[in-house]
Amino acid sequence: QVQLVESGGGLVQPGGSLRLSCAASGSIFGSYTMGWYRQAPGKQREYVATITRGLSTNYADSVKGRFTISRDNTKNTVYLQMNSLKPEDTAVYYCNVFPKQERYWGKGTLVTVSS
């Protein structure tokens with residue numbers, strides 16, 4: 001059974017930083033492009049960033065220049081470094097493969113940006 005477990009969320013002031021982690025169990029990690037997604041209150045889940053096995057990255061326009069996705073294939077972990085956080089970044093953040101697959105959604109980690 002494959003699991004993706006997100007961690008690292010919390011409450012941060014506008015302009016602050018957080019680093020999210022997503023640990024993958026099972027055999028999927030090395031085979032897929034991995035992605036971060038988020039769902040703000042009352043909104044649809046949306047794409048944030050992706051990273052290929054070869055470490056090529058892509059970002060949503062709303063986070064470009066502020067967020068950095070990375071992965072450690074030896075640890076089966078993908079990270080999201082979030083800087084210059086804004087209140088509109090408040091959401092539950094999830095990792096998944098890309099394109100996303102419903103069977104891999106985890107519980108996510110809540111990020112709240114507020115003063």
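Just to confirm my numbers, what's the Cα centroid distance between the range 8-72 and the range 81-108 in Å? Cα centres, the range 8-72 to the range 81-108: 6 Å. Expressed as a whole percent, the accessible surface of the chain that belongs to carbon and sulfur atoms is 47, based on a 1.4 Å probe.
K100 sits with roughly 110 Å² accessible to a 1.4 Å probe, with DNA, RNA and ligands left out of the calculation. Remark: the range 1-111 carries 53 Å² of accessible area per residue (probe radius 1.4 Å; ligands, DNA and RNA excluded). Structural size metrics of the chain, computed from C-alpha coordinates, are Rg and Dmax of 13.1, 41 Å.
Determine the order of S56, S115 by accessible area, beginning with the largest, at a probe radius of 1.4 Å.
On the way: S56 70, S115 135 Å².
My answer, sorted largest first, is S115, S56.
What fraction of the Cα pairs in the range 40-85, stated in percent, has a spacing above 11 angstrom? Mind showing how you got there, number by number?
Details: 720 of 1035 pairs.
Roughly 70 percent, rounded to a whole number.
The values are calculated or read from the model by the stated rules, or taken from the named source; none is laboratory data. These numbers were taken from a predicted model, which means no experiment stands behind them. We work out accessible area using only protein heavy atoms, side chains counted, and drop any ligands, DNA or RNA first. Shrake-Rupley method; radii C 1.70, N 1.55, O 1.52, S 1.80 Å.
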